[in-house]
1. Multiply the residue gap between E7 and E116 by 0.36 nm, knock off their C-alpha separation, and tell me the result in nm, one decimal place.
2. So what is the accessible area of the range 40-138 per residue, in Å², with the probe set to 1.4 Å?
3. Can you pull the percent of the chain's accessible area that's carbon plus sulfur, 1.4 Å probe, other chains left in place?
4. Nearest 10 degrees, 0 to 90: what angle lies between the long axis of helix 22-32 and the longest principal axis of the chain (Cα atoms)?
5. Roughly how many nanometres apart are two label points built 7 Å out from the Cα toward the Cβ at L30 and L59?
6. Report the Cα centroid-to-centroid distance between the range 88-138 and the range 32-81 in angstrom, as an integer.
7. Going by alpha carbons, how many degrees (0 to 90, nearest 10) lie between the helix axis of 57-70 and the longest principal axis of the chain?
8. Scan around N53 for amide H atoms under 5 Å from its own, H built in the peptide plane at 1.01 Å from N, and keep only partners 5 or more places away or cross-chain.
Amino acid sequence: MKSYRKELWFEVPARRGLINITAQVEECLLESGIKEGLCLVNAMHITASVYINDDEPGLHHDYEVWLEKLAPHAPTSQYRHNGYEDNADAHLKRQIMGREVVVAVSGGALDFGTWERIFYGEFDGRRKKRVLVKIIGE
Ligand code: ZN
């Protein structure tokens, strides 16, 4: 069995942002040489997510509105975590959007449903953060 590991770095200039990272993950898969197996992609930070959904701007806007309703950033005084930090909302948003995805690898490709794409969800940006790609198989 082959095993491949790579860290991808992202720096979102705003507090929040959603980035389609499918092409970078596909590059990792190509580099790994693995044709059949599993591909894990996870955020290595507790205020960022990796998730799979549609790459559609309307949906990206809907996520922003929905997440701000569930866990508004301001006022930061509403959160106890903000005794010393102003990013409690980012922790909560990350929890909802998830930590990782696992995609099947079949015939050397990510075995997606029609509209599935992999996203990095940033909820406390303006600094460099890592995403781990781990691929195992043959
Ligand atoms: Zn925090």
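1. The E7-E116 span can extend by a further 37.1 nm.
2. 52
3. Summing carbon and sulfur atoms, their accessible area is 53 percent of the total for the chain.
4. Approximately 40 degrees, to the nearest ten.
5. 2.4
6. With the range 88-138 and the range 32-81 each reduced to a Cα centre, they are spaced 8 Å.
7. 50
8. Amide H to amide H, under 5 Å and 5 or more residues apart or across chains, N53 pairs with R117, F119.
The values are calculated or read from the model by the stated rules, or taken from the named source; none is laboratory data. If you're wondering where the values come from, they're calculated on a predicted model, not measured in any experiment. Heads up, the Cβs are rebuilt from the backbone with ideal geometry, glycines too, and the neighbour counts pull from every protein chain shown. Note: areas computed on protein heavy atoms with side chains; ligands, DNA, RNA excluded. Shrake-Rupley method; radii C 1.70, N 1.55, O 1.52, S 1.80 Å.
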